[in-house]
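Encoded as structure tokens, the structure appears first; notes follow it.
Please treat every number below as a calculation from the coordinates, not as lab data. All of these numbers come straight from a predicted model, not from anything done at the bench. Counting neighbours? That spans all protein chains shown, and the Cβs are built from the backbone with ideal geometry, glycine included.
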Amino acid sequence: MSDVVQAILIGDQERAKEVVRRLESIRDITKSNFFELCDLLLEAHENSYHLIWGYGSFKDWIEACNLDIKWRAAYNYLAVAQRSRELGVGRDELAKLPITTLTEIFSLKPADHAEDMRQLIGEAEDLTTDEVKQRVKQKKLKAGEEMYTHLNLKIPVTVKEIVDEAFELARRLHGSVVDEFGNVVDISDGKCLEYLCASFLADPNHQADGESLNTEVPEDEVVIIG
């Protein structure tokens, strides 16, 4: 190996070490900022600062502020701060875990799963996020809690406008709900879709044999973070 090539490789190795060092530093800063964001959002919510800032609700403020946070994500952050406080788990212990793992664990409620959550937090450092997700899922299934999944839909922009209009109509017809933080919020997109599909199935005009497949109206939703 020539001296030039060797010098290049040594230079690359030093740069590689510097890059990973800086990435780890950014990771630590990002995580620290995440916890502070959760704590500050919870403080703002609990003290109704949105009223001081001229907004009728916390959700209205989140949607209008410049934090670039969706309101449902903001409620997940509230849950991390609130539930870690309820569990008595310190930031140093939480900082050992990836943020995705933490949000998964905190989708459980301390009132129902406090000991399970503490155990998961203690063990999660040696688990992958997928393994944590499976354990959380098992806890929820055992408790008889509703399980959720995701639909990935690709639709034209013009169709999206129709969907938005239909969802807005569903929200007007079925009203708002109260989430676990006591906020009055719109029903979710998922609940709108459920109402629309149930209505479609309940209409005998849509059945080949003239009989409705399902005439039950879904119960109103209580928003659960997670």
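Okay, here's what the table says:
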{"quantity": "Stretchable slack from LEU37 to GLU146, in nm (0.36 nm times residue separation minus alpha-carbon distance)", "calculated": "36.4 nm"}
{"quantity": "Tensor-based shape of segment 3-142 (alpha-carbon gyration tensor, a/c under 1.5 rounded, otherwise prolate or oblate)", "calculated": "oblate"}
{"quantity": "Full-stretch length increase - ARG172, ALA114 - with 0.36 nm per residue and alpha-carbon distance subtracted", "calculated": "17.2 nm"}
{"quantity": "Packing-based exposure ordering (other Cβ within 10 Å, fewest first) of HIS45, HIS50", "calculated": "HIS50, HIS45"}
{"quantity": "Inter-centroid distance (Cα atoms) of segment 68-86 relative to segment 126-141, Å", "calculated": "20 Å"}
{"quantity": "Bins of 5 Å from zero: percent of alpha-carbon pairs in segment 17-96", "calculated": "3, 14, 21, 21, 14, 12, 9, 4, 2, 1, 0"}
{"quantity": "Alpha-carbon gyration tensor eigenvalues x 5, square-rooted, for segment 140-189, Å", "calculated": "26, 19, 8"}
{"quantity": "FRET efficiency, 1/(1 + (r/R0)^6) with R0 22 Å, evaluated for GLU165 and ASP203 via beta carbons", "calculated": "0.75"}
{"quantity": "GLN134/LYS96 FRET efficiency (R0 25 Å; Cβ-Cβ; nearest 0.05)", "calculated": "0.80"}
